[in-house]
Amino acid sequence: MTGYRGRFAPSPTGPLHAGSLVAALASWLDARAHEGQWLVRIEDVDQQRCSPELAHIILQQLSACGLQSDLPPLWQSRRGDLYQQALDQLVARHLAYPCACTRRELEAAQSDTATPRPRNAELVYPGTCRNGLKDGARRNQALAWRARTDAGHPIEWSDRRLGAQAQDVEHEVGDFVLQRADGCYSYQLAVVVDDAAQGITDVVRGEDLSNNTARQILLQRQLALPTPRYLHTPLVLGANQEKLSKQNGALSIDSTQALAALNQAALVLGLPPREGSLSQALSAWVGDWNTRLKSVI
Ligand SMILES: [Zn+2]
């Protein structure tokens, strides 16, 4: 057993599909190749979008694929107190502030600026409330909380697959949400708190999440938490060349054909096809992963 700790952190908004299985398999293989622990975390912080039934389906699918968490899975929906403590710390250090902007106001502010926004990208927050709420009339309304991003950038890090990365969070993302006006804590805050609380040393996840890394490193620094190593895995593209996702109707994996599903995921990771039993295939891939790790070093 080494100090390595990895995790797979699905959001239960749909069952496991071919794309999420790639991230699950890669994080499991990396943990096993490092003789470390592999943990599953259910990222159900947004309870309007997530369901416990889907979370249980995902856990069953993982288990059918021979991927089992070394510790009982963590449920973000039960950890609000920890996220609040982290938010309180940021507020006390003037690194987070309340925001009363409505979505319509944000979109209006965005259209006033000339910068075109890439498709699917979030709005860059213009900093409207950074120096205080505009008027007293808004004191009664529910407020969101945002992180200050105007210090310590650009954030630079090295991705184990993608190499040197950098993002100027203030200008590319803006002061991002830590807690929505409806009280829901943001993905960024919950992930950072939980990665630290679980002692995660290595984050292995799909490349679609790579764009969140700088925000998470910024929060880790602001909360004096360690930064894990990052490895973002290749995405599985659908027939339309868009990434497979629950939103564009990716099919659930067939867990009665676990080895076939794993072979498909292995192919995306550049691993050879394997036959035999599930455990034989998995241990052969651990060997392949180990060889690859050694060749990288
Ligand atoms: Zn605002």
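What to note about this one:
- Residue match in segment 71-86 (condition: closer than 30 Å to Lys294 by Cβ, away from the ligand (no atom under 16 Å from the Cβ), assigned by TED's automatic domain parsing to the domain that holds Gln222 and outside any helix (DSSP H, G or I)): yes
- Count of residues meeting criterion [closer than 14 Å to Tyr125 by Cα and small (Gly, Ala, Ser)] in segment 172-187: 1
- Any hit, segment 90-101, residues being at pLDDT below 85, within 16 Å of the ligand (Cβ to nearest atom) and in a loop (DSSP other than H, G, I, E, B): no
- Any hit, segment 180-187, residues being in a strand (DSSP E or B) and either assigned by TED's automatic domain parsing to the domain that holds His94 or within 14 Å of the ligand (Cβ to nearest atom) (or both): no
- Checked against the criterion of being assigned to a helix (DSSP H, G or I) and either of a type in the set (S, T, N, Q) or closer than 25 Å to Ala181 by Cα (or both), segment 39-53 has at least one qualifying residue.
- Candidate set from segment 54-68 (those that are part of a helix (DSSP H, G or I) and touching a residue at least 24 places away in the same chain (Cβ under 8 Å)); member that is surrounded by the fewest Cβ atoms within 10 Å (Cβ to Cβ): Gln60
- With respect to (1) at pLDDT 90 or above; (2) surrounded by fewer than 19 Cβ atoms within 10 Å (Cβ to Cβ); (3) near the ligand (Cβ under 10 Å from one of its atoms); (4) among the hydrophobic types (A, V, I, L, M, F, W, C), the lone exception for Cys129 is condition (2).
The values are calculated or read from the model by the stated rules, or taken from the named source; none is laboratory data. As the structure is a prediction and not an experimental result, all values here were calculated from the model. Here Cβ is always computed from backbone atoms with ideal geometry, including for glycine, and neighbour counts include all displayed protein chains.
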